[in-house]
1. What pairs can you find where one residue is in the range 91-111 and farther than 15 Å from Gly235 by Cβ and without any contact (Cβ under 8 Å) to a residue 12 or more places away in the chain, the other is crowded, with 20+ Cβ neighbours inside 10 Å and among the acidic types (Asp, Glu), and their Cβ atoms are less than 9 Å apart, with a gap of 6+ or different chains?
2. For the range 243-259, state whether one or more residues are open to solvent by less than 40 Å² (accessible area, probe 1.4 Å), out of contact with any helix residue (DSSP H, G or I) (no Cβ under 8 Å at 6 or more places or on another chain) and assigned to a strand (DSSP E or B).
3. Return the residues of the range 305-345 that are part of a helix (DSSP H, G or I), buried (at least 19 other Cβ atoms within 10 Å of the Cβ) and among the hydrophobic types (A, V, I, L, M, F, W, C); say none if nothing qualifies.
4. So for the range 24-41 (the condition being modelled with pLDDT under 50, more than 33 Å from the chain's Cα centre (by Cα), assigned to a helix (DSSP H, G or I) and farther than 30 Å from Arg123 by Cα), does at least one residue qualify?
5. Looking at the range 155-231, what strands (runs of 3 or more DSSP E) fall wholly within it and have at least 1 residues that are within 21 Å of Gly134 (Cα to Cα) and modelled with pLDDT of 95 or more?
6. Scan Glu82, Glu65 and give me the residue that is in contact with a Ser or Thr (Cβ under 7 Å, 6 or more places away or on another chain), farther than 21 Å from Glu171 by Cα and surrounded by fewer than 21 Cβ atoms within 10 Å (Cβ to Cβ).
7. So, of the residues in the range 89-121 that are among the β-branched types (Val, Ile, Thr) and in a loop (DSSP other than H, G, I, E, B), which turns out to be farthest from Asn342 (Cα to Cα)?
8. Could you say whether any residue in the range 122-140 is farther than 20 Å from Tyr76 by Cα, among the polar types (S, T, N, Q) and either in a strand (DSSP E or B) or open to solvent by 10 Å² or more (accessible area, probe 1.4 Å) (or both)?
Amino acid sequence: MLFRNYCAIISNFGSAKIENNMYPLKRNRRLRTNESIRSLVRETSISPNDFLVPLFVVEGKGVKEEIASMPNYFRYSLDLLEKEVKELWAMGLKSVLVFVKVPDNLKDNKGTEAVNAKGLMQRAVQTIKNVCPGMLVMTDVALDPYSSYGHDGIVEDGQILNDETVEVLAEMSVSHAEAGADFVAPSDMMDGRIMTIREALEDEGYINTGIMSYSAKYASAFYGPFRDALDSAPGFGDKKTYQMDFANRFEAITETQMDIDEGADIVMVKPGLCYLDIVREIRNEVDVPVAVYQVSGEYAMLKAAAEKGWLDHDAVMMEQLIAMKRAGANIIASYFAKDAVNLLG
């Protein structure tokens, strides 16, 4: 009798499990039936408001140079920069990140040209603000474009000096603010530079100038085309004594939280696609906007593969951008910004 009762209990338990299974009442594919329903329930979307557009600026007039390792991406002289900025604004792209290619004769080991009030960066900021006052202008703050060594800091006996570099970065940031920059974007990864920059800006009355810190910038092999664009490759060694080891994860949280404590308004992860786990980790930990940089190597790889016919350019581009947004990025710095917005219509 006991055995029969036990068998009945087991049988009833199995029936209950079957009855509680919602199939076919619940079919997840109903929400994938056509594009209309897919777009209606889509969790993540991209718009022009998500993009920060990198701009490369050079001296000269009438210059629009395609970067060999970055197909369909260009360096602009100031006169043609005006046209490009107007085009971006008309497309709904309202934020730019400015980089400058400095002539070799102006490079040294002290960052002298970086703090020149009439330098190319300062004139580029003024040009953008004159032609499009509403454009949000962020400026790269690092010494590598100005360095005769191609490093992000002052070099002495083969070492990158931290504190001496930070003082120049602070002076450089104030110079950019004086020119009209809305945000400065320190990309150097020196220790303590955010607090020093914040204090320098405050002391000079630039209380509303923001800081977007490259908080988790990894020593990546994906930067090659960018260094071609600015002729800023290191003249010796590498950048591993200041950029992060790409094997590390928890360090990114530490670096980012320190930058926030020191006054960063926005934090960035760089590169993008291989570091989406870091984007999500940081998004889960902090309460400030998180940016991600889809770097030159990521851009160049897709362009090359698409040219060979190996990948569908537009489909892969949008998949990558959505992945970055889905991972938690509020802002995407991307060379694909115009391509993506054109595709979005």
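The values are calculated or read from the model by the stated rules, or taken from the named source; none is laboratory data. Quantities reported herein were computed from a predicted structural model and do not represent experimental measurements. Glycine also receives a Cβ, built like all others from the backbone with ideal geometry; neighbour counts cover every protein chain displayed. Accessible surface areas use protein heavy atoms only, side chains included; no ligands, DNA or RNA. Shrake-Rupley method; radii C 1.70, N 1.55, O 1.52, S 1.80 Å.
1. No pair meets every condition.
2. No, because not a single residue in the range 243-259 is open to solvent by less than 40 Å² (accessible area, probe 1.4 Å), out of contact with any helix residue (DSSP H, G or I) (no Cβ under 8 Å at 6 or more places or on another chain) and assigned to a strand (DSSP E or B).
3. Met317, Leu321, Met324, Ala327, Ala337, Ala340, Val341
4. no
5. Fully inside the range 155-231 and qualifying: 183-186, 210-217.
6. Glu82
7. Within the range 89-121, the match that is farthest from Asn342 (Cα to Cα) is Thr112.
8. Scanning the range 122-140 turns up no residue that is farther than 20 Å from Tyr76 by Cα, among the polar types (S, T, N, Q) and either in a strand (DSSP E or B) or open to solvent by 10 Å² or more (accessible area, probe 1.4 Å) (or both).
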